[in-house]
Every structure is written in C-alpha cells, then in structure tokens.
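Novice: I'd like to ask some things about the structure below.
The values are calculated or read from the model by the stated rules, or taken from the named source; none is laboratory data. All values reported here derive from a predicted model rather than from experimental measurement. Please note: Cβ atoms are built from the backbone with ideal geometry, for glycine as well, and neighbour counts cover all protein chains shown.
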Amino acid sequence: MKKFLPLLLLAFVSLFIFSCDKNDDNNFVDHDTYSVAYDITPTFSKVNSNLYEYNAAFNTQLGTSDVLLVYMQTGLTNNNAQIWKLLPYTFFVNNANNDQVDYSFDFSKFDFAINVNSTSTLNLDTNSTYYANKRFRVVIVPASTGKNAGVDFSDYNSVAKYYNIDESKIKTKN
C-alpha cells in the first residue's frame, strides 16, 4: 500500500498538469470597447509655410486597446455618397512642379493631431484650399481584432460595416 499511494498521487497530479493548456483556442471578444465615429472640420494652425496642423484632446482618454483611424472626405460619388480616404494620404498637384500635399495624423491615448504638409515649392499660405474647410472622419476602434480581422481599414465602408458604425448617428464635433 505504501508504494501504491505515491503512484496514485503522481497519477492524480499529472491529470491536472495535462489538462492545463496554454493554447487558448477561444476567440477573445472585447466587450468594454466599442466603435465611435464623428466628423470634424478643423481649423488648422500654421507651423510654417509648408506645414499646418490641428490638435485635439479626447473627452475621455482612449483605452489601451483602442486605435484611431482618420479619413478625409475627398469628394462625392455620382449618387452623392461621400468618398473617404484613409490617412496618410498624398494628393498630387497637377502643376509644373509636380507638387504634393501630404495629409497625416498621429495620436496618443489623450489626443490626436492632423498634419497638412506640402513640398517646398508649394506655399500653403497662398493655397488654403488644401487645408481650409476639409472634412475628416475620426473613428475609434478596438485594436483587439488584430490584423487578421478580415476588414480593409483603407476602405471606410468596410470598417463601418465590420464595426457596426451607424452612419445616422455620426455627429459633427468642433
């Protein structure tokens, strides 16, 4: 009996060792983060003649698993549907210098910035059409879906569909 008890104890412990598996095949669902989208028509501030920027703070800080996407409205379709381009986006100017205007953004959990930057030969001071009255859509989504989410982030409609963004509830912020 004395030899049988250690073998029984070893068998009992090994049962728990093999039942613990670090590979979790369950899909994680982030229930505390939801998608938020809103429109802005920012007033850009001059940094220099080739760079204008807009800075805004979030009302509440982003969660650690939140990601910011920023789209710029670049026009309308024949059916008056809005056309959105994901930033960064480069607009090529049809002029003798082949100038370009770059739209980009960055963000932290507290704030974000949108930048409009032109080539050295294109002075934004005299070409405000590249930054004045531009409409942007700010979209906050959970990053937990990862790169294999099956959503094309460059296509706003794909993002809206995947994250169930209700277009009728998108508000404009100042």
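Novice: Quick one: what pairs do we get from the stretch 143-172, first residue over 23 Å from PRO88 (Cβ atoms), second modelled with pLDDT of 85 or more and part of a helix (DSSP H, G or I), C-beta under 7 Å, 6+ apart or different chains?
Specialist: Hits for this filter: GLU167/ALA160.
Novice: In the stretch 52-66, what count of residues is obtained for those that are crowded, with 17+ Cβ neighbours inside 10 Å and under 13 Å from ASN115 (Cβ atoms)?
Specialist: Qualifying residue count, the stretch 52-66: 3.
Novice: Another question, then. Could you check THR129 against (1) touching a strand residue (DSSP E or B) at 6+ places or on another chain (Cβ under 9 Å); (2) at pLDDT 90 or above and say which number it fails?
Specialist: (1)
Novice: Among the residues of the stretch 132-152 satisfying the criterion of being of a type in the set (A, V, I, L, M, F, W, C) and crowded, with 18+ Cβ neighbours inside 10 Å, which is modelled with the lowest pLDDT?
Specialist: Looking at the filtered set, the residue picked out is VAL141.
Novice: Within the stretch 34-56, can one find any residue that is part of a strand (DSSP E or B), over 21 Å from the mean Cα position of the chain (by Cα) and among the aliphatic types (A, V, I, L, M)?
Specialist: Yes.
Novice: Take residues that are within 20 Å of SER45 (Cβ to Cβ) and within 18 Å of the chain's Cα centre (by Cα) and tell me which of the strands (runs of 3 or more DSSP E) falling wholly in the stretch 77-174 contain 3 or more.
Specialist: 100-107, 111-118
Novice: Note down all Cβ pairs under 9 Å where the first residue falls in the stretch 119-141 and is on the phi < 0 side of the Ramachandran plot and free of Cβ contacts under 8 Å to residues at least 12 places away in the same chain, the second is part of a loop (DSSP other than H, G, I, E, B) and among the polar types (S, T, N, Q), and they're at least six residues apart or on different chains.
Specialist: Going by the 9 Å Cβ cut-off, the qualifying pairs are THR126/SER49.
Novice: Would you call SER168 loosely packed, with under 13 Cβ neighbours inside 10 Å, out of contact with any Lys or Arg (no Cβ under 7 Å at 6 or more places or on another chain), among the small types (Gly, Ala, Ser) and more than 16 Å from GLU53 (Cα to Cα)?
Specialist: When the stated conditions are applied, SER168 passes them.
Novice: Something else about it: If you check SER49 against the conditions, is it small (Gly, Ala, Ser), surrounded by 13 or more Cβ atoms within 10 Å (Cβ to Cβ) and at pLDDT 90 or above?
Specialist: Yes: the conditions hold for SER49.
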